[in-house]
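S.K.: Mind looking over this structure? Questions follow.
The values are calculated or read from the model by the stated rules, or taken from the named source; none is laboratory data. Computed from a predicted model, the values in this text were never measured in an experiment. Positions of Cβ are generated from backbone atoms using ideal geometry, with glycine treated the same way; all protein chains shown enter the neighbour counts.
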Amino acid sequence: MSGLPTVDDVRAARERLAPYVRRTPTYAHDAIAFKLELLQVTGSFKVRGAFNAVLQLPPEQHARGVVAVSAGNHGLAVAHVGKTLGIRATVAMPESAPARTVERMRADGAEVMLLPTVAEAFALAEERRAQGQTLIHPYDDPRVMAGQGTIGFELLEDVPDLETLVISVGGGGLIAGIATVVKALRPRVRIYGVETAGADTMRQALDAGEPVTLPAITSIATTLGAPYVSPATFDAAQRLLEDVFVVSDAQAIEGMLAAQEALSVLPEPAAACGYAAVLAGLVPRPHRGTLAILLCGGNVSIDDLVRWRSTLTV
């Protein structure tokens, strides 16, 4: 399934999701508005899209169950949706997935299948789809993008003078959904995407003029680790974004530490890279209005941070 959602699709998704997700807060620090989506159910924005997709499946597909491929956050979301709605959920993951993430999914009743590579995880998901389970794609699905796009309505309500918005980019579903809403309702807002080197799928696609496939994801920001962007999210980036910046893993770590000091929350590298880009001066500060940064996930441990800081330098 491909294509972008409409604003009406996102508005309907917001009503559909209301009983199941949190309306996360927006806090101000140093003239920046931070949308704390890392406080969302399951620790990231992914649950919005997963719920919106599954809630629209017909009853006979509920009975067959759903399957997802994930390095972490999308799998956590699909597992939670399955538990909440009483639907069988299968998550195919690379063996490198954190053990605590696997444990959380299994605690929610999901069947977790660990494979040597992401390619094999996708192959297993295709097998399950052929057997009748519904594949919930992490980003190449307008229902998923519409669910993520509900964040856009919340941002516009919380930041009436929003002028510049910074959002992390993985497969592009999050930024495509939010940009669809924000650009339709407030066209003057300038939207920037941020990736980390080694997971810079969208930046490389934009440079090539078409979606490309990365041979490997080498960044610590594994939740940005989509090997390719879809035609729909690529189109959204071309039409709706001002630019997509790339920061290093070390800069993402600095963004994590800065967010923890400023807001007493610890975003994962995939979420902190947006703040890192602002701190590095890559994102132009607005002359008027407010700069907002979406902290989209926080599934990270202190042990992870200590390990990364011991091996990375700015």
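S.K.: Being assigned by TED's automatic domain parsing to the domain that holds P286, part of a helix (DSSP H, G or I) and either charged (D, E, K, R) or surrounded by fewer than 21 Cβ atoms within 10 Å (Cβ to Cβ) (or both) is true for just one of E195, E254. Which residue is that? Give the derivation first.
M.R.: Details: E195 fails: part of a helix (DSSP H, G or I).
None of the other options fit; the residue is E254.
S.K.: For the range 96-134, enumerate the residues that are of a type in the set (A, V, I, L, M, F, W, C), touching a helix residue (DSSP H, G or I) at 6+ places or on another chain (Cβ under 8 Å) and over 24 Å from D303 (Cα atoms).
M.R.: Of everything in the range 96-134, those that are of a type in the set (A, V, I, L, M, F, W, C), touching a helix residue (DSSP H, G or I) at 6+ places or on another chain (Cβ under 8 Å) and over 24 Å from D303 (Cα atoms) turn out to be A110, M113, L115.
S.K.: Another question, if that's okay. Does P58 fit the bill of being surrounded by fewer than 23 Cβ atoms within 10 Å (Cβ to Cβ) and touching a residue at least 24 places away in the same chain (Cβ under 8 Å)?
M.R.: Working: surrounded by fewer than 23 Cβ atoms within 10 Å (Cβ to Cβ): yes; touching a residue at least 24 places away in the same chain (Cβ under 8 Å): no.
Here the answer is no, as P58 does not meet what is asked.
S.K.: Name every residue in the range 203-215 that is part of a helix (DSSP H, G or I) and either touching an Asp or Glu at 6+ places or on another chain (Cβ under 6 Å) or modelled with pLDDT under 95 (or both), in order of residue number. Working first, answer last.
M.R.: The initial filter retains those residues of the range 203-215 that are part of a helix (DSSP H, G or I), namely 203-208.
Selection gives R203 alone.
S.K.: Same structure, new question: Looking only at residues in the range 198-231 that are surrounded by fewer than 20 Cβ atoms within 10 Å (Cβ to Cβ) and small (G, A, S), which one is nearest to the chain's Cα centre (by Cα)?
M.R.: G198
S.K.: Could I ask something else about it? Go through (1) touching a residue at least 24 places away in the same chain (Cβ under 8 Å); (2) outside the structural domain of L165 (by TED's automatic domain parsing); (3) within 17 Å of D140 (Cα to Cα); (4) not in a loop (DSSP other than H, G, I, E, B) one by one and return the number of the condition T90 breaks.
M.R.: (3)
S.K.: I would also like to ask the following. With the requirement that a residue be closer than 10 Å to A68 by Cβ and in a helix (DSSP H, G or I), what does the range 110-127 give you? Please lay out each step first, then the result.
M.R.: Step one: list which residues in the range 110-127 are closer than 10 Å to A68 by Cβ, which gives 110, 121, 125.
Residues satisfying the conditions are A121, A125.
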